[in-house]
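We did not get these values from a lab; they are worked out from the coordinates using the rules stated. Fair warning: this is a prediction, and the values are worked out from it, not measured in the lab. Neighbour counts are summed over all protein chains in view; Cβ atoms, including those assigned to glycine, are modelled from backbone coordinates with ideal geometry.
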Amino acid sequence: MEEKKVRVRVPGTSANCGPGFDCLGVACTIYNELELTLLREKKLTITISGDGAENIPRDERNIVWRSIQKLLKKVGKDEEYQGAVINMLNGVPLSRGLGSSATAIVGGLKAANECLGSPLSKRELLQLATEIEGHPDNVAPAIFGGFTVSIVRSGRPECFSLLPKLPLKLVVVVPDFFLPTKTARAVLPAEVPMKDAVFNIGRAAMLTAALCKGNKDFLRSVFDDALHQPYRAKLIPGMYDVFRAARAAGALGASMSGAGPCLIAFTVENADKVGMEMCRVFADNGVDSEYHVLDIDEKGAVVI
Ligand code: HSE
């Protein structure tokens, strides 16, 4: 068989969306691209350009390559293909809470699947991606696009994707420091009070319902969280002040993007004003940052 070169584009993602810890996520119009050629010989060549390129390993530890190997093993092609040429072009900020590891995992899986003639469905890719990432809330929107709700049942992820019925803008503020997800998960408690669980369940359900209905008024009260943000606030100087600034500038609400340190505001108006105010308040707290006004990506990972 002739070696086939495949190029894919994968959106960055913002997980949790406030109350939906480890289950809600949204795909954003910021992208990583990846080009893959599978090789029969045991040779790995990885080139990386764009955000954080200098911090990503170019050898066997590379997460794109490890994802490709997992797929090859799953479909029984790991003996046939033992190497690859991988070219990565990263537009998604690395290790900032915009799903950069999910885009790498999904990019590797999507490209390898395409190279082999698509033996796996999107749902099977979700299964593999969730096994690698550990939770589905970033990989689900990276695969399916849109706003996703996902759960894991007996080790099997299930997800659905919806497109909100209102023109939601995502204002993502990127501070100039890294926060590894591992560090942000390490500060979380093993158990939470019942009242905090109830607080989040209602908001996560109402957030999803309000997006389906396009109800702006209900969206004003649903982006708060009691399960993870209170514990993580100490890792992001001025976080709650930045949330308040976003709302004062007209946003419906704001939250950590995934495990941070990016913060995200959800708005239907004044997107630039919201972004500028969030950066200003971050600066008041000694943090340099920049903002991006993004839309919801509707397609998820695609071959280009
Ligand atoms: N739901 C995850 C978390 C997203 O908040 O830790 C980051 O991978």
Near Lys5, which lysines are there with a Cα under 27 Å away, not counting those fewer than 8 places off in the same chain?
Lys42, Lys43, Lys70, Lys73, Lys74, Lys77, Lys110, Lys122, Lys299
If I model a spin label at Asn87 and Ala205 as a point 7 Å from the Cα along the Cα→Cβ vector, what separation in nanometres do I get?
5.1
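Membrane-span-like helices in the chain: DSSP H runs reaching 27 Å or more (Cα, own axis), mean Kyte hydropathy at least 0.0? Spell out each step's value before the answer.
Details: long enough: 194-213 (28 Å, 0.70).
Membrane-span-like by this criterion, though nothing is claimed about a membrane: 194-213.
Pairwise over distinct Cα atoms, reciprocal of the mean inverse distance: report the Kirkwood radius of region 169-294 in Å, one decimal place.
14.9
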Would you tally the net charge around Gly108, using a Cβ to Cβ cut-off of less than 9 Å, leaving Gly108 out, and scoring K and R as +1, D and E as -1?
+3
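Report the calculated FRET efficiency for Arg244 and Asn55 (r = Cβ-Cβ distance, R0 = 35 Å), to the nearest 0.05. If you can, show how the numbers build up before the last one.
Details: r = 33 Å, r/R0 = 0.93.
So, using R0 = 35 Å, E works out to roughly 0.60.
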Let me know the Kirkwood hydrodynamic radius for the chain, please, with Cα pairs as the basis and the value in Å to one decimal.
19.5
If you build a Gaussian network model of the chain, linking Cα atoms that sit under 10 Å apart, which residue out of Arg96, Arg203, Arg61 swings the most?
Arg61
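Val303 to Asp176: FRET efficiency via 1/(1 + (r/R0)^6), r the Cβ-Cβ distance, R0 45 Å, to the nearest 0.05?
According to the calculation, E is roughly 0.85.
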Mind jotting down the distance between the C-alpha centroids of region 149-201 and region 57-118, whole Å?
24
Would you mind calculating the gained length between Asp295 and Leu162 on full extension (0.36 nm times residue separation, minus the Cα-Cα distance), in nm to one decimal?
46.5 nm
